[in-house]
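Accompanying notes for the structure given below.
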Amino acid sequence: MQLILIGFMGSGKSTVGNLLGRRHNLPVIDLDQAIEEAAGQTIPEIFADHGEAYFRKLEHQVLGAVIDQPGILATGGGTPLREDNQALLRSSAVPVIHLRASAKETLARIGNAKNRPLAKGLDQAGIEALKKQRHQAYQACADYTIETNHLSPMEVTLAIEARVRF
Ligand code: S3P
């Protein structure tokens, strides 16, 4: 990998990853998509049929399989939670960028989160609580954090380009 994006659901990892990939002619791996391909099921189906623990195992396996591939990796919002995933993210020795947004902004972006089992039904306070719970894990992996509340995806992309050489 040349760059890894981490952050809560709705922080813009996939959108910004795709923009960066296009601008620098690099392949983009979306971990959620890679998991869905490996499982032959959508993420909501994986959660419904097998539960979160199974999803996390699969997520770890797929992360291990893609981490050494070239390009840009957009992780899932929960990827940095496991310590063995943190070790994998750090071991790649490429910049790990944490995209952050407030709970209010996150709620506005993910809406009713039909395709995100862990956000379904969460209100702003619920998102805030989950974000707090995950803060340490994101901090443990991140080389840089970018506050995205007032930035468009292109502005986030430019902020990354100001810090990272491609
Ligand atoms: C999750 C985030 C999702 C997806 C799964 C679990 C999480 O990815 O991996 O629904 O635990 O935050 P996005 O951050 O791309 O929505």
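The values are calculated or read from the model by the stated rules, or taken from the named source; none is laboratory data. Fair warning: this is a prediction, and the values are worked out from it, not measured in the lab. Positions of Cβ are generated from backbone atoms using ideal geometry, with glycine treated the same way; all protein chains shown enter the neighbour counts. In case anyone asks, the SASA skips ligands and DNA or RNA and just uses the protein heavy atoms, side chains included. Shrake-Rupley method; radii C 1.70, N 1.55, O 1.52, S 1.80 Å.
Net charge within 15 Å of residue 23 by Cβ-Cβ distance, Lys/Arg positive one each and Asp/Glu negative one each, not counting residue 23 itself?
+1
Once you have all Cα-Cα distances for segment 64-125, histogram them in 5 Å bins from zero and send the whole-percent values.
3, 14, 22, 20, 14, 16, 10, 1
Spelling out what I want: for every residue of segment 48-60, take phi, set θ = phi - 60°, compute 6.51 cos²θ - 1.76 cosθ + 1.60 (Karplus), and round to whole Hz; glycine and proline get x.
In residue order, the calculated couplings are 5, 7, 10, x, 5, 4, 5, 4, 5, 5, 4, 4, 5 Hz.
Between the alpha-carbon centers of segment 138-153 and segment 9-47, tell me the distance in whole angstrom.
If we compute the Cα centre of each part, the gap is 18 Å.
With +1 on each Lys and Arg Cβ and -1 on each Asp and Glu Cβ, and nothing else charged, work out how big the dipole of segment 1-100 is about its Cα centre, in Debye to the nearest 20.
500
Given the -39500 (n - 2.57) contribution per DSSP H run of 4+ residues, what per-residue ellipticity at 222 nm results for the chain, rounded to the nearest 500 deg cm²/dmol?
Value at 222 nm, helices only, nearest 500: -16500 deg cm²/dmol.
Which value in Å is the Kirkwood Rh of segment 24-119 over different Cα pairs?
With all distinct Cα pairs of segment 24-119 included, I get 14.5 Å.
Heads up, I need the accessible area for residue 47: 1.4 angstrom probe, whole protein in place, Å², nearest 10.
Answer for residue 47: close to 30 Å² accessible.
Taking K and R as +1 and D and E as -1, what net charge do the other residues with C-beta under 12 Å from the C-beta of residue 42 add up to?
Local charge sum for residue 42: -3.
Whose amide H sits under 5 Å from the amide H of residue 28, counting only residues 5 or more places off or on another chain, with H placed in the peptide plane?
Under 5 Å from the amide H of residue 28 lie the amide H atoms of 72, each far enough along the sequence or on another chain.
Expected output is a single nm value to one decimal: the length gained when fully extending between residue 132 and residue 144, i.e. 0.36 nm times separation in residues minus the C-alpha distance. What is it?
2.5 nm
At 25 °C and 0.890 mPa s, grab the translational diffusion coefficient of segment 83-164 from Stokes-Einstein with a Kirkwood Rh over Cα pairs, rounded to a whole number in µm² per second.
In µm²/s, the coefficient is 174.
What's the Cα-based Rg to Rh of the chain, Rh via Kirkwood?
My calculation puts Rg/Rh at 0.93.
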